[in-house]
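A quick write-up on the structure given underneath.
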Amino acid sequence: MGKKILVATGGGDCPGLNAVIRGIVKRADQEGDWKVYGCMESFNGILKDHMDIRRLTNQDVAGIHVKGGTIIKTTNRGGPFHFPVQKPDGSWVIEDRSALLKKRVEELGFDAIINIGGDGSQRISLGLSQMGLNVVGVPKTIDNDLSSTDFTFGFQTAVEIATEAFDKLVTTASSHNRIFIMEVMGRDAGWIALNTAIAGGAEVCIIPEIPYDPRIIAQKIAARYQNEYGFCNIVIAEGAKALDGKVTGVAPSAVGDQHIKLGGVGEKLKSELESLGVQHDIRVTVLGHLQRGGTPIAYDRVLATEFGVKAVELIKEEKYGNMVVYNHPKISYVSLEKALETPNFVKPETSDLVRTARGVGISFGD
Ligand code: F6P
């Protein structure tokens, strides 16, 4: 019997989202009478007073696997359990609209939901699944901070973009005998910074999991200049913390957004190094959303397509309440509960990547 599938993308965008959507639509189409619909701007498309749900056909998804972003839009504010609603007096309240979502899903005749998103979105998947809806999760995050999958799509693209930028900074750092600090994304997990530092040959790598001491970094810089290299390149994750344990950023201004807007830790490190007497010219580059935009690299297109196809296969087998994962060499699945048990952070004591980085002389400022 034909099935109607509702697809949503939630949280920050990520290269590869469109490749997942295309994989879902193409695989579902092979079932003959299955239909896929996009819920526009995450679950807002079904939660708002004016619903916005659009049919996705093979024609709609043709060629989109090479495009960044998501054709069905996304948001990292609110969600069915914390939906921001503006009152006539202009004030905002947060409402639980999950019952409304369930009612509408049933009224519209959707058999299953595929929710593509990171940690926050998969918590929503779990909540909806516990309410009796047929949900399959697809993991997404450039931060690669979900532990049950070896990789999330988008991560390798972000590392590629960061490494390419870093390579450019190395040449200008060496020409001018400067210190360059490049700030990359990574809220709680330092995977992008760590991989970029090794791929790019950084001298210093600062990640959220290893609190840094600016005095150690200043010593490393002094040694670099004494050895007549005369320049130094540092990668720092936006969520990095000095010994005081504080992150750098601003409080969220948008209603329904619970996250601090991280940014500025590179500038903070620059000031700390200057106050410690480092006199070489220090420049800071913040890559920001450049790491999330644009076309996914081939690796992420493949992984994203595999995830999309697998999500439809799980629906065919009625294996709901699960999240698609990649455990080399298999594309498989785990329960949403299991998927959310522990985040995937760098483990400084046991990580092979940290050992490798230290092995080629990269300092973590510890
Ligand atoms: O979670 C992915 C991520 O890119 C984080 O690294 C970053 O802190 C956050 O999203 C930025 O989100 P926004 O687009 O809302 O600024």
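The values are calculated or read from the model by the stated rules, or taken from the named source; none is laboratory data. Source: prediction; values computed, not measured. Counting neighbours? That spans all protein chains shown, and the Cβs are built from the backbone with ideal geometry, glycine included.
The number of residues in region 135-186 that are within 11 Å of the ligand (Cβ to nearest atom) and surrounded by fewer than 20 Cβ atoms within 10 Å (Cβ to Cβ) comes to 0.
For every residue, the table says whether it meets (1) of a type in the set (K, R); (2) more than 26 Å from M131 (Cα to Cα).
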position	(1), (2)
E41	no, no
R55	yes, no
G63	no, yes
V66	no, yes
K73	yes, no
A99	no, no
E107	no, no
A112	no, no
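Which one is farthest from Y225 (Cα to Cα) among residues in region 272-288 that are free of Cβ contacts under 8 Å to residues at least 40 places away in the same chain and surrounded by fewer than 13 Cβ atoms within 10 Å (Cβ to Cβ)? The qualifying residue farthest from Y225 (Cα to Cα) is S275. Pairs are defined by a Cβ separation below 8 Å, a sequence spacing of at least 6 or placement on different chains, a first member in region 251-263 that is closer than 10 Å to G78 by Cβ, and a second member that is near the ligand (Cβ under 7 Å from one of its atoms); the pairs so defined are D257/N76. Quick check on region 222-236. Is at least one of its residues within 16 Å of the ligand (Cβ to nearest atom) and closer than 25 Å to N344 by Cβ? Within region 222-236 (the criterion being within 16 Å of the ligand (Cβ to nearest atom) and closer than 25 Å to N344 by Cβ), the answer is yes, since at least one residue qualifies.
Find the residue count for region 248-265, including only residues that are among the aliphatic types (A, V, I, L, M), away from the ligand (no atom under 11 Å from the Cβ) and either buried (at least 16 other Cβ atoms within 10 Å of the Cβ) or under 16 Å from the mean Cα position of the chain (by Cα) (or both).
So the count comes out to 1.
The condition (being modelled with pLDDT under 95, away from the ligand (no atom under 16 Å from the Cβ) and surrounded by fewer than 18 Cβ atoms within 10 Å (Cβ to Cβ)) is satisfied by just one residue among V93, V66: V93. Select from region 187-205 the residues that are buried (at least 22 other Cβ atoms within 10 Å of the Cβ), touching a residue at least 60 places away in the same chain (Cβ under 8 Å) and either within 15 Å of the ligand (Cβ to nearest atom) or not assigned by TED's automatic domain parsing to the domain that holds L169 (or both) and list them in ascending order. The answer is A189, G190, W191, I192, L194, N195. The set of residues in region 208-224 that are closer than 12 Å to S363 by Cβ and assigned to a loop (DSSP other than H, G, I, E, B) comprises I210, D213. Within region 116-134, the set of residues being within 16 Å of the ligand (Cβ to nearest atom) and among the hydrophobic types (A, V, I, L, M, F, W, C) comprises I116, I124. Inside region 9-26, residues that are surrounded by fewer than 24 Cβ atoms within 10 Å (Cβ to Cβ) and farther than 16 Å from G137 by Cα make up a count of 1. Being within 16 Å of the ligand (Cβ to nearest atom) and in a loop (DSSP other than H, G, I, E, B) is the filter; apply it to region 1-38 and report the residue that is nearest to E107 (Cα to Cα). Per the stated criteria, the residue is G10.
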